[in-house]
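Trainee: Quick one: structure below, then a few questions.
The values are calculated or read from the model by the stated rules, or taken from the named source; none is laboratory data. The structure presented is a predicted model; accordingly, all values stated were derived computationally and were not measured. Positions of Cβ are generated from backbone atoms using ideal geometry, with glycine treated the same way; all protein chains shown enter the neighbour counts. With ligands, DNA and RNA removed, areas are computed over all heavy atoms of the protein, side chains included. Shrake-Rupley method; radii C 1.70, N 1.55, O 1.52, S 1.80 Å.
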Amino acid sequence: MEIPVYVNTLLRQLNAHGYEAYVVGGAVRSSLLHEEIHDYDLTTNALPEEMVQVFKDFHCIPTGLEHGTITVVIDHHPVEITTYRKDSTYKDHRHPDKVEFTSALKEDCERRDFTINALCYHPDTGILDFFHGEKDLHDKVIRCIGEPERRFEEDALRILRAIRFASRLSFRIEPHTAEVLLAKKDTLNYVSIERINEEFTGMLRGKGASVCMEDYREVIEVFIPELKQLDEEAYKEMCGRLEEENTGRADVRLAVILYALHDKEAAHHILKRLKYANIVIHTITDLLRTADDPYDSDIAFRLVLSHMKTDVDTFFAFHKANDKGISMAEKRQQYASLTNDDYCWNLKDLAINGSELMKLGYKGTAIGQKLNALLDDVIHERIRNKKDELLNAAHPD
C-alpha cells in the first residue's frame, strides 16, 4: 500500500515518540480494492493528551478528545487520529456508555463493525488483518466481526451500513450477518433520521442498489413504511426500474422508488420526514409532477419542459428508468432539435420581455398575462420566437 508523504509523516512522528500508529479502515480497504482514497484515518496507542503533545507543533483540532480523537491538519489535509479503544456496553443501540482506551491494537479492531473495515497498515509491518478481512474482500462478503447480534445491538446504524457497503461494492452480506440484520431491523428506530438518510442515500448511489432494495425490503420499510402497500410484483418491478437507472444518482433513484407509490402527497411527506434537503425535494417533486405527462410530439415535449424546473439530464435519467422502451438517443436528438431560436418553453428565453410590452402600453398583471399567452403560442407553434413577430402579435389592435 502506498501512502502519501503527509500520512507517513504523522505515523513517523508518533513512532518517534515511542507510540504505535497505523492507517486503519476505509483507506486500507480502498487500497486493496484499487479504489481512489479520499481520506486517511490513523489509530494509535497514544492517549489523547499524549497525542496533543506529540503534535504540539502541528495544527491540531480537538475533534473529540473525550472519545480519543484529534484532527491534525498537515499540508492542508485533515487527518483524524484516534486512540485504541475497546468494547463497552451500549445504552441506546447507538452510543457506548463510556469510552475505554486500550493499548492493544487487536482490541481496537475487535470493536469495529465489519471485517473489511478492520484492516490496518504501517509501512514497516504491511497489512495487519486479525479477522480475515482480506479474504472477505476477495470473496466479496460483508461480515460482522464476532457475533452479529452484539455488533447490531451495540449500534443499530450498522444495519444500514452493511447494506450500504453491499450496494456500493456489489458485495453480498454473509448469511448469518444478514439473518441477524433482518431480525434487528426495528432497532433502527433508535437511530436519528439524519444518519438513516445519510446511509440510505449512500446505498442508493451504489451499483447494487436494486438488489439491496429487493433483498432488504423489510429494513427499508422500517423508515419508509409506505412501501408496504406495494404488492410483491409491484415492488419487484420498482426494483427492476432501479436497475435500469445507471447514473448512480441517488435523487433519481429515490424518485423512481416514490413514483411506484403513485401518490405525490405521500412522496412529499416521505421526503420531509427523511429530512432531505430542499433542492432534493424540489427535484424529485418536479420529476413526479411531470412523470405521466406525454412528450411524444414536439409540442407535448415543450409543454413538459415548460413545467419543469430540473435539468433535462435528470429528466431523461428518470424517464429512462421508468420506461426502458424509450430510446434516449432519439429523445436527445428530439430535444436538440427543439433548442433553436424559433422556439422556446421558458419566459426567460422568449425573444421579448416585459419592458417591451410596457412600451406598447401594457401595465401591471396584463404584462405577465400577455407574456405567458405569447409563450403558449410559441410552444404550440402558432408563432415563431422572433422579436418582430412577437411584438406584432402583442401590439394592441
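Trainee: Which one of these does His132 not meet: (1) out of contact with any strand residue (DSSP E or B) (no Cβ under 7 Å at 6 or more places or on another chain); (2) open to solvent by 20 Å² or more (accessible area, probe 1.4 Å); (3) modelled with pLDDT under 95?
Mentor: Of (1) out of contact with any strand residue (DSSP E or B) (no Cβ under 7 Å at 6 or more places or on another chain); (2) open to solvent by 20 Å² or more (accessible area, probe 1.4 Å); (3) modelled with pLDDT under 95, only one is false for His132: (3).
Trainee: Taking only the range 7-26 into account, find how many residues are among the aliphatic types (A, V, I, L, M) and free of Cβ contacts under 8 Å to residues at least 40 places away in the same chain.
Mentor: Matching residues across the range 7-26 total 1.
Trainee: Go through (1) surrounded by fewer than 18 Cβ atoms within 10 Å (Cβ to Cβ); (2) within 16 Å of Thr201 (Cβ to Cβ) and name the single condition Ile257 misses.
Mentor: The number of the failed condition is (1).
Trainee: Could we say that Asn197 is in a helix (DSSP H, G or I) and more than 15 Å from Leu254 (Cα to Cα) here? Break it down into steps so the answer makes sense when it comes.
Mentor: Details: in a helix (DSSP H, G or I): yes; more than 15 Å from Leu254 (Cα to Cα): no.
Taking the combined requirement at face value, the residue does not satisfy it.
Trainee: Report, ordered by the first and then the second residue, all pairs with beta carbons closer than 8 Å, sequence separation of six or more or different chains, a first member in the range 288-308 that is small (Gly, Ala, Ser), and a second member that is not in a helix (DSSP H, G or I).
Mentor: Cβ pairs passing all conditions: Ala300/Asp293; Ala300/Pro294; Ser306/Trp345; Ser306/Asn346.
Trainee: Applying the selection to the range 55-83, what residues are polar (S, T, N, Q), open to solvent by 10 Å² or more (accessible area, probe 1.4 Å) and closer than 17 Å to Ala21 by Cα?
Mentor: Thr69, Thr71, Thr82 - these are the residues of the range 55-83 that are polar (S, T, N, Q), open to solvent by 10 Å² or more (accessible area, probe 1.4 Å) and closer than 17 Å to Ala21 by Cα.
Trainee: To continue, here is another question. Among (1) under 30 Å from Ala266 (Cβ atoms); (2) assigned to a helix (DSSP H, G or I); (3) open to solvent by 50 Å² or more (accessible area, probe 1.4 Å), which single condition is Ala317 missing?
Mentor: Exception for Ala317: condition (3).
Trainee: Also, quick follow-up: For the range 293-314, which positions are within 25 Å of Cys239 (Cβ to Cβ) and buried (at least 19 other Cβ atoms within 10 Å of the Cβ)? Spell out how you get there, then give the answer.
Mentor: First pass over the range 293-314, keeping only residues within 25 Å of Cys239 (Cβ to Cβ): 293, 310, 313-314.
Of everything in the range 293-314, those that are within 25 Å of Cys239 (Cβ to Cβ) and buried (at least 19 other Cβ atoms within 10 Å of the Cβ) turn out to be Thr310, Thr314.
Trainee: Can you pull out every residue in the range 267-292 that is in a loop (DSSP other than H, G, I, E, B) and open to solvent by less than 10 Å² (accessible area, probe 1.4 Å)?
Mentor: Leu274
Trainee: Another question, then. So for the range 205-228 (the condition being modelled with pLDDT of 95 or more, farther than 11 Å from Ile163 by Cα, open to solvent by 80 Å² or more (accessible area, probe 1.4 Å) and touching an Asp or Glu at 6+ places or on another chain (Cβ under 9 Å)), does at least one residue qualify?
Mentor: yes
Trainee: Here's something else I'd like to know. Could you tell me how many of the residues in the range 383-397 are open to solvent by 60 Å² or more (accessible area, probe 1.4 Å) and either without any contact (Cβ under 8 Å) to a residue 24 or more places away in the chain or touching a Pro at 6+ places or on another chain (Cβ under 6 Å) (or both)?
Mentor: 3
Trainee: Out of (1) touching a Phe, Trp or Tyr at 6+ places or on another chain (Cβ under 6 Å); (2) open to solvent by less than 70 Å² (accessible area, probe 1.4 Å); (3) at pLDDT 95 or above, the odd one out for Lys140 is which?
Mentor: (2)
Trainee: Here's something else I'd like to know. Any residue that is touching a residue at least 60 places away in the same chain (Cβ under 8 Å) and in a helix (DSSP H, G or I) - is there at least one of those in the range 332-353?
Mentor: no
Trainee: Output the residues belonging to the range 243-266 that are farther than 21 Å from Leu188 by Cβ and assigned to a helix (DSSP H, G or I).
Mentor: Glu243, Glu244, Asp251, Val252, Ala255, Val256, Tyr259, Lys264, Glu265
Trainee: Right, another one. Given the conditions (1) surrounded by fewer than 20 Cβ atoms within 10 Å (Cβ to Cβ); (2) closer than 24 Å to Phe318 by Cβ; (3) of a type in the set (A, V, I, L, M), report the number of the one that Leu242 does not fulfil.
Mentor: Failed condition: (1).
Trainee: Among the residues in the range 39-54, are any modelled with pLDDT of 95 or more, surrounded by fewer than 19 Cβ atoms within 10 Å (Cβ to Cβ) and within 30 Å of Tyr190 (Cβ to Cβ)?
Mentor: Yes: one or more hits.
Trainee: Quick check: is even one residue across the range 365-382 surrounded by 15 or more Cβ atoms within 10 Å (Cβ to Cβ), modelled with pLDDT of 90 or more and among the basic types (Lys, Arg)?
Mentor: yes
Trainee: Determine whether the range 194-201 contains at least one residue that is without any contact (Cβ under 8 Å) to a residue 60 or more places away in the chain, within 24 Å of Asp139 (Cα to Cα) and either of a type in the set (Asp, Glu) or open to solvent by less than 40 Å² (accessible area, probe 1.4 Å) (or both).
Mentor: Yes, the range 194-201 contains at least one residue that is without any contact (Cβ under 8 Å) to a residue 60 or more places away in the chain, within 24 Å of Asp139 (Cα to Cα) and either of a type in the set (Asp, Glu) or open to solvent by less than 40 Å² (accessible area, probe 1.4 Å) (or both).
Trainee: Which residue out of Arg168, Arg249 is under 30 Å from Gly325 (Cβ atoms), open to solvent by 20 Å² or more (accessible area, probe 1.4 Å) and either hydrophobic (A, V, I, L, M, F, W, C) or modelled with pLDDT under 95 (or both)?
Mentor: Only one candidate passes the filter, namely Arg249.
Trainee: Can you tell me which residue among Glu179, Glu153 is modelled with pLDDT under 95, surrounded by fewer than 21 Cβ atoms within 10 Å (Cβ to Cβ) and not aromatic (Phe, Trp, Tyr)?
Mentor: Of the residues listed, the single one that is modelled with pLDDT under 95, surrounded by fewer than 21 Cβ atoms within 10 Å (Cβ to Cβ) and not aromatic (Phe, Trp, Tyr) is Glu153.
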